[in-house]
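To start, the structure itself, in structure tokens.
The values are calculated or read from the model by the stated rules, or taken from the named source; none is laboratory data. Note that the coordinates shown come from a computational prediction; the quantities given were computed from them, not determined experimentally. Reconstructed Cβ throughout: ideal geometry from the backbone, glycine too, with neighbour counts over all protein chains shown. All accessible areas refer to the heavy atoms of the entire protein, side chains included, with ligands and DNA or RNA removed. Shrake-Rupley method; radii C 1.70, N 1.55, O 1.52, S 1.80 Å.
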Amino acid sequence: MDTKMMKKMADTIRFLAADMIQKANSGHPGAPLGLADIAVVLGEHLVHNPKNPKWLNRDRLVFSGGHATGLIYSLLHLWGYDLPMEELEKFRQLGSKTPGHPEYGHTPGIEITTGPLGQGVANAVGFAVAAKYTANLVNSETAKIIDHKVYCLCGDGDLMEGISYEACALAGKLNLDNLIMIYDSNRITIEGDTSLAWDEAVKLRFEAQGWRVLEVDGHDYERIDEALRLAKASDRPTLIVAHTIIAKGALEMAGDHNSHGAPLGEDLIRRAKEVVGFPPEKTFYIPDDVLARFRCAVERGELAEKQWRHLLKQTPYIEQNEALKRLEHPDFDAIEWPEFEEGSEVATRDSNGKILNAIAKAIPGFFGGSADLAPSNKTELKGMGDFPLGKNMHYGIREHAMAAISNAIAAYGPLLPFSATFFVFSDYMKPAVRIAALSGLPHFFVWTHDSIGVGEDGPTHQPIEHLSQFRALPGFYTFRPADASENVACWKVALQMRKPAGFVLSRQKLKTLKREIAYGGPEKGGYLVKRRDNATVTLVASGSEVMLALQSGCHLENEGIMANVVSVPCFELFCEQDSAYIDAVIDPKTKVLAIEAARGLEWYRFADEVLGMESFGASGKAGDLFEHFGFTIPNVVARVKAMVG
């Protein structure tokens, strides 16, 4: 190993990162400088093609500490991704491809948006799960189409976050031997030494979770290389504990916690360059021999992909190649959607279970699981086996990790994951749901027990503010179907959109309504279910309250008040329609009452008044609770009479 060249390559990364942060006067130099030596060696092992960042059998590299973008963007540029020097010079500036934290779909080579610390650890587990699932579908004993590795760079903060415990425990349980995590153990946090708040025996923790653990000096190129070789041959997930110095090479700032999140200063950077023989007056400097060595990644990557594609055409691989094509091009027309008889009473969690099974039977890449609630969520894919040989994931009681793992499965390429829990426990998933929305990932969240209809479990288990929270999330679509048939319609829309979506489903049985549509349809997010001539009122509702709105409309008609009824299974999608459509559904000349067993403040966008939840729920029978909180025909009628005078 040419350690002299390795050192020169690492110093190039260090000073590119330092110059980026200094010019922006914003950023985190500590981690990029401390990880530069590891990154150089890792680059010699990584199988990827900078000219085709979407090649399916590439190794995945996850930067869990997204604040280390100085390192990330330097590597991507040096390896030959479509990230020119001008973008490095525009680091953290509006409109650049080099934002403050890496964003999936924004910068070529970024595998996933990691966001808050710990997310990336679970994302790496998700990529490893996705690779195992895909390999089971397309590989044979003699033809290995998918055989890549998943690497993750993480730090002390990632491992302090609870999500890392959840995700790594599951990785050990599933024996994800394709997963290699490199822990940048620099013993520094923003406030100072990690001993201020953390004295954990990380090696013992991971060994207890079923991982192989290796320890190295994170600045010894040969030991790093040896550890990576051992990890790639391991029969278990592997953690490489790399003992590093934060801001390595930054002279008096090396090892100082103040180097974590502030520019190093022009004077220090110049002096540091002089020490290693770099021209101190030059910024964004890359020696020719260093660039040539880094850019070997292009030639190696293109060759690796060409060899892989050539294999797909060989006789032993033809059948596997066909399986891969079916996976990459799902036929949604092949889904045999369940049908539900008008008048039948079916909880939307139950109808959803049948829908999930129908989709999974037809779509190879559709799979998922629940956080130990499959019998209640109705998410078991019957007769389809358990991961890795089947479609059912058993996440255990790990909602946060489940959501972040499923995000990575969605980002992997040809897969469509779902995850499931009670709606109130979506609180544990929120950071990952937000990342799914930010990234536009086709991750389907199944959330049952949607309201005070939960009943006896009481207010701790009855979601109140949750619908409003997710409806406020940009890029996310929350479906709350009124009955089994509308549930089918919502799934058809969601699959075609292939965007992050939540399905909020009832515990209690709901009557399957007669399929009458006066105007529009569920594909628009909201539609007119019942139109009455000379209407002076419009009742708008979602989920179980649509039946209440229809029944109340009939009672109002008997009293001479004409009321239109609107179902809005997806508030966000309805808001995206043009004003002409919205006005055709909700007549602006009518008084509007929105009815929903939730907080419902967002309904004031369309409604004059909202019949919603003004408090938390209570413990009792579901029917008693709906009556207690005013979700009754007499109360709706009284509210409407007061509105129209």
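List of remarks:
- Sum of -39500 (n - 2.57) over DSSP H runs of 4+, divided by residues of the chain (222 nm, nearest 500): -12500 deg cm²/dmol
- Surface composition of the chain: carbon and sulfur make up 50 percent of the accessible area, probe 1.4 Å.
- Of all beta bridges that DSSP places with both ends in the chain, some 15 percent have antiparallel geometry.
- Within the chain: Cβ-based charge dipole about Cα centre, in debye rounded to nearest 20 (Lys, Arg +1; Asp, Glu -1): 1000 debye
- The angle between the Cα long axis of helix 266-276 and the longest principal axis of the Cα atoms of the chain comes to about 50 degrees, rounded to the nearest 10.
- Annotation note: GluC sites (Glu not before Pro) in the range 117-196 located in DSSP loop regions with a Cβ neighbour count of at most 15 within 10 Å are GLU141, GLU191.
- DSSP-defined antiparallel bridges as percent of all bridges, the range 149-201, nearest 5: 25 percent
- Exposure of GLU111 as accessible area (Å², to 10), given a probe of 1.4 Å and all protein chains: 20 Å²
- Within straight-line cross-link reach of LYS499, aspartates and glutamates at Cα separation under 13 Å, skipping those fewer than 8 residues along the same chain: GLU572
- Within straight-line cross-link reach of LYS51, aspartates and glutamates at Cα separation under 15 Å, skipping those fewer than 8 residues along the same chain: ASP59, ASP82, GLU111, GLU299, GLU302, GLU305
- In a DSSP loop and with at most 14 other Cβ atoms within 10 Å, the trypsin sites (Lys or Arg not before Pro) in the range 557-622 are LYS589, LYS621.
- Over 24 Å between alpha carbons, listed pairs LYS430/LYS511; LYS173/LYS391; LYS382/LYS492; LYS90/LYS149; LYS391/LYS511: LYS430/LYS511; LYS90/LYS149; LYS391/LYS511
- Loop-located GluC sites (Glu not before Pro) in the range 520-580 whose Cβ has at most 11 other Cβ within 10 Å (DSSP): GLU559
- Over 18 Å between alpha carbons, listed pairs LYS54/LYS361; LYS54/LYS306; LYS132/LYS232: LYS54/LYS361
- Relative to the dominant Cα principal axis of the chain, helix 162-173 is inclined by about 80°.
- For LYS591, the residues 5 or more places off, or on other chains, whose built amide H falls under 5 Å of its own are VAL537, THR538.
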